[in-house]
Structures are given as C-alpha cells and as structure tokens.
Amino acid sequence: MKKKSEVPIGFDKYDYYFRSVQNPEGDVDFFIQAYKDLKKRKPNSLREDFCGTFAISCEWVSRDKNHTAIGIDLSQEPLDYGLKNYFSKLQPEEQKRLQILNKNVLAKGLPTADIIVALNFSYYLFKKREVLKEYFQNCYKTLKSDGVLIVDCFGGGQCQSAIEEETEHKDFSYFWDQINFNPITNGAKFYIHFKPKGKSKIEKVFSYDWRMWTIPEIREVMTEVGFKKTVVYWEGTDTRGGGDGKFSQTEKGDECDAWIAYIVAEK
C-alpha cells in the first residue's frame, strides 16, 4: 500500500501537469480540423468544459482574432492559477475574447459555442448513465445550431488492472498510476505522481475516481440526446508500437493494450 504524501509548499503541480499531459497547440489544431471535416468551414467559438487552468482556451483566443472562448470549471483553484499564469500573458485584446466561469458543467443556460470540448477524460467522473446523458444533453442544448461536441476517451486491456507507468522528462519523471479496476462497475482509481530530478517522489499529486466509459456507450448516449452523427478519431501507432499523436477517422480500432481516441458528435 502506498504511503500518503503531501504536496510540498512551492511545488507547482499545475506546471508539472501541463508539461506532462497537455498540448494546447495540438489540441486546437485537432479541433479546427475536426470541425472543418464535418462543417467545411472554420469555427470561431470554443467552450472548454472542465477547463482547469484553461490553457486550451488561452491558446484558442491567441490563434485567431475572430476566436472567442469560454472556460468552465467547478474548482476555483485551477482557475486562479490559469488567471495568474496563462491569462495574464495574453494580449489585452485576446483577454477580452476569453470568459472564465466558476460553474458546474451541468448548470442550465451556459454560453453557446461552435465547439464544446471535454478533455483529459474529465467527464469520466460521471459514473451513472443518466448523469452522463444529462451532461451530453446540456452540451447539445447549448451548442450552436451547427456545433460539435468533442471528447477524448481511453481504454484497452491494460486499463483493466493495476499498473504504474513512468514517463521520463528532462528534469522530472511523471507517473500514471492505476490502483484498481472493478469489472462489475467499470470503476477505476488513478493517481498522478511526480519525481523532480534528484529529489524524492511526490505521490498522489492528482487523484481520479472514474468510470471507464466505452466508445459504444458514449456514442449511444450522444445519439440518444439528439446528435445526428458521431465520428471516432483513432490514434495512429509509431515505430515503437506506441501512440504517435496523430488521429484519423475510422470505424475499426486496433487491438492494443492501451489506446486513446476522440469522439466528435455533430449537432
């Protein structure tokens, strides 16, 4: 059993998370391309649900003078971090095109957008089907008439057992730690640990208690709430057998131990 550990004072957990997990430039590239694939035009407005430090929203408004963004998150702490570290670096004109809301993504009357995104598997915190359906229904209602919803998902046989993976970076290591899996509920718990170079490992910096939703389940609920079409973008494989970060439309996924995909739902 792993020992509990506290995050040391001064440890910038959101910076480590950003450098380990996030790629706002690549995400925005994908959003624009996926929207063009379905709508044959460029999108202008983005709503980032479960936005955390809203780095993606900042990248979105900095990309084009016609882009507007809304970031929504229930937790004030990451929003405050984003305001201090990302929003503050935007040009004044870009800041005017970005709105941050400390709200529940299930709240009624949320702002509309061309694209709504829920990334980093954040909606996996909804463990009941009726709650997931409520969220997708809220997205459907608040999308513009020709909008799309984009979510990511992951799975594979490796995700059905306890496993800890280490990824080495220049000055630290990132650990993705799955501690259990319940095949009856598809529930699983995860931790993110970090180990700065030359220092002790800092455990349980972030924790997640999720239901592992499958692609068919997600697509079925999207269709039930009214989306007319859902498309799966599957990640390609690099020469070492891992993901290459490039996603393409398909209806046949590879049989692999672990996979990541996007699902794009068209209103």
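The values are calculated or read from the model by the stated rules, or taken from the named source; none is laboratory data. This one's a predicted model, so the numbers in the text were calculated from it and none came from an experiment. Here the Cβ positions follow ideal geometry from the backbone for every residue, glycine too, while neighbour counts run over all protein chains shown. What goes into the accessible areas is simple: the full protein's heavy atoms, side chains included, and nothing from ligands, DNA or RNA. Shrake-Rupley method; radii C 1.70, N 1.55, O 1.52, S 1.80 Å.
Scanning region 192-208 for residues that are surrounded by 13 or more Cβ atoms within 10 Å (Cβ to Cβ) and touching an Asp or Glu at 6+ places or on another chain (Cβ under 9 Å) returns Ile192, His193, Phe194, Lys195, Pro196, Ile202, Glu203, Lys204. Taking first residues from region 138-157 that are under 14 Å from Lys267 (Cα atoms) and partners that are open to solvent by 10 Å² or more (accessible area, probe 1.4 Å) and charged (D, E, K, R), the Cβ contacts under 7 Å between residues at least 6 apart in sequence or on separate chains come to Tyr140/Lys267; Leu143/Lys267; Ser145/Lys267; Asp146/Lys39; Asp146/Lys267; Gly147/Lys267; Val148/Glu266; Val148/Lys267. Inspection of region 3-16 finds no residue satisfying the criterion of being without any contact (Cβ under 8 Å) to a residue 40 or more places away in the chain, closer than 30 Å to Ile163 by Cα and among the hydroxyl-bearing types (Ser, Thr, Tyr).
Looking only at residues of region 170-191 that are farther than 17 Å from Gln158 by Cα and either under 18 Å from the mean Cα position of the chain (by Cα) or of a type in the set (Lys, Arg) (or both), we find that the one that is most open to solvent (accessible area, probe 1.4 Å) is Lys170.
The condition of being open to solvent by less than 70 Å² (accessible area, probe 1.4 Å) and without any contact (Cβ under 8 Å) to a residue 40 or more places away in the chain holds for only one of Leu106, Leu132, that being Leu106. Listed residues Leu143, Leu119; which is of a type outside the set (S, T, N, Q) and open to solvent by less than 10 Å² (accessible area, probe 1.4 Å)? So the residue among Leu143, Leu119 that is of a type outside the set (S, T, N, Q) and open to solvent by less than 10 Å² (accessible area, probe 1.4 Å) is Leu143.
Taking the listed residues Asp73, Asp80, the one that is free of Cβ contacts under 8 Å to residues at least 12 places away in the same chain and either under 18 Å from the mean Cα position of the chain (by Cα) or surrounded by fewer than 19 Cβ atoms within 10 Å (Cβ to Cβ) (or both) is Asp80, with no other qualifying. I need the full set of residues from region 146-166 which are of a type outside the set (A, V, I, L, M, F, W, C) and under 19 Å from the mean Cα position of the chain (by Cα), in order please. Within region 146-166, Gly147, Asp152, Gly155, Gly156 qualify.
Scanning region 224-267 for residues that are among the aliphatic types (A, V, I, L, M) and more than 21 Å from Gln158 (Cβ to Cβ) turns up Val225, Val231, Val264, Ala265. Note on region 116-135: residues that are within 20 Å of Tyr262 (Cα to Cα), outside any helix (DSSP H, G or I) and over 12 Å from the mean Cα position of the chain (by Cα) total 2. So, in region 223-242, of the ones that are free of Cβ contacts under 8 Å to residues at least 40 places away in the same chain and touching a helix residue (DSSP H, G or I) at 6+ places or on another chain (Cβ under 8 Å), which residue ends up nearest to Lys133 (Cα to Cα)? Within region 223-242, the match that is nearest to Lys133 (Cα to Cα) is Thr230.
Looking at this structure, is Gly26 touching a helix residue (DSSP H, G or I) at 6+ places or on another chain (Cβ under 8 Å), under 30 Å from Glu164 (Cα atoms) and among the small types (Gly, Ala, Ser)? So Gly26 fails the test.
Yes/no per residue for (1) open to solvent by 80 Å² or more (accessible area, probe 1.4 Å); (2) more than 20 Å from the chain's Cα centre (by Cα); (3) touching a residue at least 12 places away in the same chain (Cβ under 8 Å); (4) closer than 30 Å to Gly147 by Cα:
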| site | (1), (2), (3), (4) |
| --- | --- |
| Trp210 | no, no, yes, yes |
| Thr214 | no, no, yes, yes |
| Asp244 | no, no, no, yes |
| Gln249 | yes, no, yes, yes |
